[in-house]
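Take a look at the structure below.
The values are calculated or read from the model by the stated rules, or taken from the named source; none is laboratory data. Predicted model only: the values in this text are computed from it and were never measured. Here Cβ is always computed from backbone atoms with ideal geometry, including for glycine, and neighbour counts include all displayed protein chains.
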Amino acid sequence: MEQNEQIERFCKAVRIKTDWPVGALKGDTEAEASLKHFQDFLAEAYPLFHRTAERFVLSPYSVVYRWPGSNSSHGSSGEKPALILAHYDVVPVEKEKWTADPFGAEIKDGFVYGRGTLDMKNILVGIMEGAEALCGQGFRPQRDIWFAFGGDEERAGVFGAMETAKWFAGKNISFSWILDEGSPLAVDFFKGVTRPLALFGIEEKGFLSLDLTVTQKPGHASNPPQVQAAAVLARALLRISRTSFPYRLIPTVEGFFSQLAKLTGGVQSFALAHARLLGPLFFKLTAGNPMTSSMLHTTIAMTQLAGSSADNVMPSEVRAVLNLRLLQPWTVEKAIGFIKKAVKDERVDVKVHGHSSGPVPANPDHAKLRGPGWQEMEAAVHSVFPDAAILPFIMTATTDSRHYQHLAKGIFRFNPLKLNPVELSLIHGHDERISLENFAGGIKFYTALFGSL
Ligand SMILES: [Zn+2]
């Protein structure tokens, strides 16, 4: 009965269309209204929590809660609060490619279908369900627990998370640790590993998109110049494709491999356990696997190409976009320098495209399976997923938590749900769906976690 109500509330959350229409800007009243609608939904659906917690609506893009602890952190005696992050916006859909209504929250064969069922209304609702249940039991955390939910994570969190982080800083509130969305409990990702792997994303790669532009005199395609902009750009891209950022084993990734080694056998286990010793040989062995190689170096993805709008018109400008994911120690500036050096051509203009951010390093203790929040996170995982192995991990995608990095001693990026490679690929994909079992597991995890704080 209780579970049915939880599923019902989750379906309501999925039905609120919080995708951001392509081309809409801040101030778009319709899009912002649905973000506000989602904030109102939370207040209605979780009355006990809303009676207990303080609520701060900063904008359609941000709602913050303080769940007051009995041993509040505002004095010097108490422990610093924990901060739980989530976002309620979702990415747009290509409706015709779905077999279910993307905003219908239809339940079929034990799965709830809909945009945001994995990323990440499941998590946000799981957080609220956990808090509501504990409030219903009269539970009060020892320390303050803060929740900060953003409405534009999928568009870099500029109005949500960024502003919210400033708000906290302005109030002089900082945290012991932060939990945000992240890697799941990975199932069937590694040959020979039977246990689900709880991947704690303790570190995050940076994000940088670059515009590579070459200009030329526009004109009729019947009189093309001898050296064409497209050829100059193509040569630059070819040069980039022939180079690679150097491979490097950072402590987080070394920790991941050495834990993984304990779960595998034979040569594989030996190689993983001795990654540092094997050095270049290890890098060679892993280079063919995109998942592991992205943990070992800064990647370059060629994502967009543009020329003229007609087949018989010379373009005045040709453009390519590169998307880089930065591994320490590569900063935005250093990575731009690397690309310019690889291109080695003054005719190619290299400029930052959109919002960029550098890598977010880990708390060094987290790579050693300890440090702020580790114990509580570990206990919560084991209480719900007793067979799981916990591994430190590097997030290769970005999260809202990067905007809060200066406010805490450590960040966890973790989704308490079991996903195999097929299910993982549904995130941002067609027919995104979550199993009812996974949905229930998330609620149990947050209930256990908050209950220990
Ligand atoms: Zn997300």
key: Test set (1) modelled with pLDDT of 95 or more; (2) in contact with a helix residue (DSSP H, G or I) (Cβ under 8 Å, 6 or more places away or on another chain); (3) more than 16 Å from the ligand (Cβ to nearest atom) - P416 fails condition number   = (3)
key: Top-ranked residue in the range 431-453 [being in contact with an Asp or Glu (Cβ under 7 Å, 6 or more places away or on another chain) and assigned to a loop (DSSP other than H, G, I, E, B); ranked as surrounded by the fewest Cβ atoms within 10 Å (Cβ to Cβ)]   = S452
inquiry  = Please pick out the residue among E44, E79 that is more than 25 Å from S183 (Cβ to Cβ), of a type outside the set (V, I, T) and part of a helix (DSSP H, G or I).
reply    = E44
query = What strands (runs of 3 or more DSSP E) completely inside the range 338-430 contain at least 2 residues that are surrounded by fewer than 17 Cβ atoms within 10 Å (Cβ to Cβ)?
reply = 349-357
remark   = Output for Cβ contacts, cut-off 6 Å, separation at least six or different chains, first residue touching a residue at least 24 places away in the same chain (Cβ under 8 Å) in the range 385-407, second within 16 Å of the ligand (Cβ to nearest atom) and among the hydroxyl-bearing types (S, T, Y), reads F393/S183; R402/S357
query = So is K166 touching a Pro at 6+ places or on another chain (Cβ under 7 Å), within 30 Å of S62 (Cβ to Cβ) and among the charged types (D, E, K, R) or not?
reply = no
note = Among E154, E163, the single one that is away from the ligand (no atom under 16 Å from the Cβ) and either assigned to a helix (DSSP H, G or I) or crowded, with 24+ Cβ neighbours inside 10 Å (or both) is E163
inquiry  = I'd like to verify a number: residues in the range 166-194 that are in contact (Cβ under 8 Å) with a residue 24 or more places away in the chain, away from the ligand (no atom under 16 Å from the Cβ) and of a type in the set (G, A, S), how many?
reply    = 5
note = Counted residues in the range 82-134 being without any contact (Cβ under 8 Å) to a residue 60 or more places away in the chain and at positive phi come to 1
ask   = Which of the following residues is over 21 Å from S244 (Cβ atoms), free of Cβ contacts under 8 Å to residues at least 12 places away in the same chain and not small (G, A, S): E333, E346?
value = E346
query = Does any residue of the range 100-121 turn out to be closer than 22 Å to D180 by Cα, in a helix (DSSP H, G or I) and within 16 Å of the ligand (Cβ to nearest atom)?
reply = yes
task = Could you grab me the full set of residues in the range 238-280 that are over 27 Å from the mean Cα position of the chain (by Cα), among the hydroxyl-bearing types (S, T, Y) and more than 30 Å from A320 (Cβ to Cβ)?
result = T264, S269
message = Give all pairs with beta carbons closer than 7 Å in which a residue from the range 287-301 that is in a helix (DSSP H, G or I) meets a residue that is among the β-branched types (V, I, T); count only pairs at least 6 apart in sequence or on separate chains.
response = T292/T286; S293/T286
